[in-house]
Amino acid sequence: MTHAFNSGCPCCSQRNGLSRRQFLCTTAAGVAVAPALAASVIGEAVAAPRVAQSGRSILLKGGCVLSLDRAVGDFEQADVLIEGKKISAVRPNISAPNTQVIDASKSIVMPGFVDTHRHMWQGFLRNVLPDGSLQDYIQLVQRKFGANFVPDDNYAANLLSALGCIDAGVTTVLDWSHIHNSPEHTDASIKGLRDSGVRAVFAYGTPQTVSGRWQDAPRNKYPADIARLRKQYFNSEEQLLTLFLASPGGAPDQVMPIWKAARDVGARITIHVGVGEFGRSAFLEKMHAIEPLKSDTTYIHCCTLNDTEWKLIKDSGGTVSIAGYVETLMGHGNPPTQKAIDLGIRPSLSVDVETSVPNDFFTQMRTVFSLQKNEVWARRLSGDKNPPKFLTAREVLEFATVEGARANGLERKIGTLTPGKEADIILLRTDRLNVMPFNNAVGAVVTSMGPQNVDTVLIAGKVVKRNGQLVGVDMNRVARLGREAQERSYKAANVPNKRI
Ligand SMILES: [Zn+2]
C-alpha cells in the first residue's frame, strides 16, 4: 500500500491553532489518508508537471521517499519529478510523458547530505594521521604539507575531495579552505570545486606557513582578495558555488576587521571555536564586546565554549557545526550535541579532516547519535532523575541535511525534497546485504547504510552518479592527478611517502 506517513512532528505539538501545516501532519500521522486527498491538500507540493524550461526532466519512479520536509511528508512509495534544476512534484503515481525515468523501486530517495566544514585541500593527504592528535595535525599537515603546497596541489586535492563527496552522497560541502598561499592557489582551489560538479560553499581562508603565522606568507592576500573573488567567481546566486569567509582565531581586535571584509562583500563567516584548551579563552565574549555577534556566522566544534558564549550564539541566531568523529579522536573536547539541543540550537555536521576521518556522512550521523545517547544513559546510571531526551534517528538525519543547508546559507535552495527547491537527491539501495530485508527507512539510513548504498546522485537536477559509478569522470586522470600531487607534496614537505 502506498501512503504518506509522518510521525512525531514537532511543528504540530508547538502550535495551537489548526494551521495548514498542522493539518497535514496530523492527517498524515494518524489517519489513513487516501493518496488523492493527501495530494490535493498538499497543493503546490504536487503541482501538475509543466514543460521543463531547460527541456530536461527526470522522473524518479517508485522509491521510498524521505522528503525531510514535514509539509510534504514521507512516502512508502512515491515519485519525484525533476524539471530542469528543480524538483517540481513529490507524490505517488506521477504521470509525466517524455521524461527520463529512473527506477527507484529498490531505493530510498532523500536529499543529499550537506557537510558544513571540510578542509578539502587535504584530499590527497587522506589517512596520513590515523593516530594523530590536534598538535600532530598542526605540525604535519599545516606546517609541513600546507606550507609547501603549489597551486596544482590545491586543484588536485579539491577535485579528489569533491568527487569523494559525490561518491558518498554528500551533494553539498563547505570547503573550509585555509591554503591560500597566493592568489593562484585560490584560483586553483575554486577550479577544482567547479570541475567536480559538486555544490560547494567556498570558504576563503588564510595561507599556511612553516612558522604557523599566516601573515608570514610572502604572497598572502588574505582577507582583501575576497573582494576579487566575489567579482570574478561569485557574482551570481544561480550557480553551484557560493562564497563564505573562513576566519582564523587570534586576538579579537585583529579578527573583527577580517569579519568586516567578509560582510563588506556579503559573505557569511565560518570559524573554529571552543577547541580544546585553546577554546577556553572566552573569545566569543570578547568578539561580541567589540561588535555584537550576528546570524551570519557558523561556529565549528564549540566543545569548550562557556555558557555565556553559547547563549551569545543562540541569541544572535548563529549556526553550529559538529565534527563529532574528529573531536573524539583529536582532543577537541566532548562533541556538544546535547549542549546545542539544550539551548534550542539544531546543529549541522561536518567531516573536517580526511587525514583522519572517513569522507562519508554515515559515520558522522552515527557518531553524534551514539555519543548523545551514551551521555543520556550515563546521566541515568548516575542517578539523574531528569535526564535529557534521547536523540532520534530522524533528528540526526535532519542534522545531516536540513540543518546543513541552513548553516551553509542554502536552506531556500536545498536540504529537503520540496517542490521548487533544486534537485540535490540521493538514491540509497535497499536491496543490499547490509539492509535487506528492507524496513524502517530512517533507521536503515542512520543505523546500517554506508557509501556502498549510494547508487545514484543528482545535483541541481543533473545525474552525477548512476548505478554506483560517477558520471562523466575520467578516473584515470583523477588518479594520476592525485598520485602526482601526493608525490610532489611529500617530497616538498620532506616526509617519507610509504604505503606500509
Ligand atoms: Zn576544521
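The values are calculated or read from the model by the stated rules, or taken from the named source; none is laboratory data. The structure displayed is predicted, hence computed values, not measured ones. Here the Cβ is made from the backbone with ideal geometry for all residues, glycine too, and neighbour counts use every protein chain on show. Ligands, DNA and RNA are stripped out before the accessible areas are found, and what is left, the full protein with its side chains, is counted by its heavy atoms. Shrake-Rupley method; radii C 1.70, N 1.55, O 1.52, S 1.80 Å.
The condition of being among the aliphatic types (A, V, I, L, M), in contact with a Leu (Cβ under 9 Å, 6 or more places away or on another chain) and closer than 26 Å to THR363 by Cβ holds for ALA485. Pull up the range 110-124, narrow it to residues that are within 14 Å of the ligand (Cβ to nearest atom) and out of contact with any Leu (no Cβ under 6 Å at 6 or more places or on another chain), then point me to the one that is nearest to LYS498 (Cα to Cα). Only one residue tops the list, namely GLN122. When GLY212 is tested against (1) on the phi > 0 side of the Ramachandran plot; (2) surrounded by 24 or more Cβ atoms within 10 Å (Cβ to Cβ), exactly one condition is not met: (2). Just one of the numbered conditions (1) out of contact with any Lys or Arg (no Cβ under 9 Å at 6 or more places or on another chain); (2) over 26 Å from THR171 (Cβ atoms); (3) open to solvent by 10 Å² or more (accessible area, probe 1.4 Å) is not true of PRO387: (1). With respect to VAL201, is the statement that it is in a helix (DSSP H, G or I) and open to solvent by less than 10 Å² (accessible area, probe 1.4 Å) true? So VAL201 does not fit the description; no. Count, please, the residues in the range 217-229 that happen to be closer than 18 Å to PRO257 by Cβ, open to solvent by 50 Å² or more (accessible area, probe 1.4 Å) and among the charged types (D, E, K, R). Count: 2. Given the criteria open to solvent by less than 10 Å² (accessible area, probe 1.4 Å), under 13 Å from the mean Cα position of the chain (by Cα), away from the ligand (no atom under 16 Å from the Cβ) and over 29 Å from PRO257 (Cα atoms), does ALA156 qualify? For ALA156, the condition - open to solvent by less than 10 Å² (accessible area, probe 1.4 Å), under 13 Å from the mean Cα position of the chain (by Cα), away from the ligand (no atom under 16 Å from the Cβ) and over 29 Å from PRO257 (Cα atoms) - is not met. Just a yes or no: is a residue in the range 133-142 crowded, with 24+ Cβ neighbours inside 10 Å, away from the ligand (no atom under 14 Å from the Cβ) and either of a type in the set (S, T, N, Q) or assigned to a strand (DSSP E or B) (or both)? No: zero hits.
Entry remark, the range 304-317: residues being touching a strand residue (DSSP E or B) at 6+ places or on another chain (Cβ under 8 Å), open to solvent by 10 Å² or more (accessible area, probe 1.4 Å) and in a helix (DSSP H, G or I) number 1 in total.
In summary, ARG366 fulfils each of the numbered conditions (1) part of a loop (DSSP other than H, G, I, E, B); (2) in contact (Cβ under 8 Å) with a residue 60 or more places away in the chain with the single exception of condition (1).
Screening the candidates ASN440, ASN494, ASN434 for the property of being more than 20 Å from GLY164 (Cα to Cα), in contact (Cβ under 8 Å) with a residue 60 or more places away in the chain and not β-branched (Val, Ile, Thr) yields one hit, ASN494.
Checking every residue in the range 105-119 against the condition of being in contact with a strand residue (DSSP E or B) (Cβ under 8 Å, 6 or more places away or on another chain), modelled with pLDDT of 95 or more and open to solvent by 20 Å² or more (accessible area, probe 1.4 Å) gives at least one match.
Residues that are part of a helix (DSSP H, G or I), within 16 Å of the ligand (Cβ to nearest atom) and either open to solvent by less than 30 Å² (accessible area, probe 1.4 Å) or at pLDDT 95 or above (or both) within the range 258-303 comprise GLY279, PHE283, listed in sequence order. When the range 257-275 is filtered for residues that are within 11 Å of PHE244 (Cβ to Cβ) and not hydroxyl-bearing (Ser, Thr, Tyr), the ones remaining, listed by number, are ALA262, VAL265, GLY266, ALA267, ARG268, ILE269, ILE271.
Among the conditions (1) assigned to a helix (DSSP H, G or I); (2) under 24 Å from MET449 (Cα atoms); (3) more than 16 Å from the ligand (Cβ to nearest atom), PRO130 misses just one, which is (1). Within the range 246-257, the set of residues being away from the ligand (no atom under 16 Å from the Cβ) and in a strand (DSSP E or B) is empty.
The combined condition, being closer than 22 Å to ILE179 by Cβ, modelled with pLDDT of 95 or more and more than 13 Å from the ligand (Cβ to nearest atom), is not fulfilled by THR308.
Each row is one residue, and each column tells you yes or no for (1) touching a Phe, Trp or Tyr at 6+ places or on another chain (Cβ under 8 Å); (2) in a helix (DSSP H, G or I).
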residue	(1), (2)
VAL90	yes, no
SER95	no, no
VAL101	no, no
THR116	no, no
GLY146	yes, yes
THR186	yes, yes
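Restricting attention to the range 212-221, the residues being part of a loop (DSSP other than H, G, I, E, B) and without any contact (Cβ under 8 Å) to a residue 24 or more places away in the chain number 2. A count restricted to the range 318-356 and to residues that are more than 10 Å from the ligand (Cβ to nearest atom), touching a strand residue (DSSP E or B) at 6+ places or on another chain (Cβ under 9 Å) and part of a loop (DSSP other than H, G, I, E, B) stands at 8.
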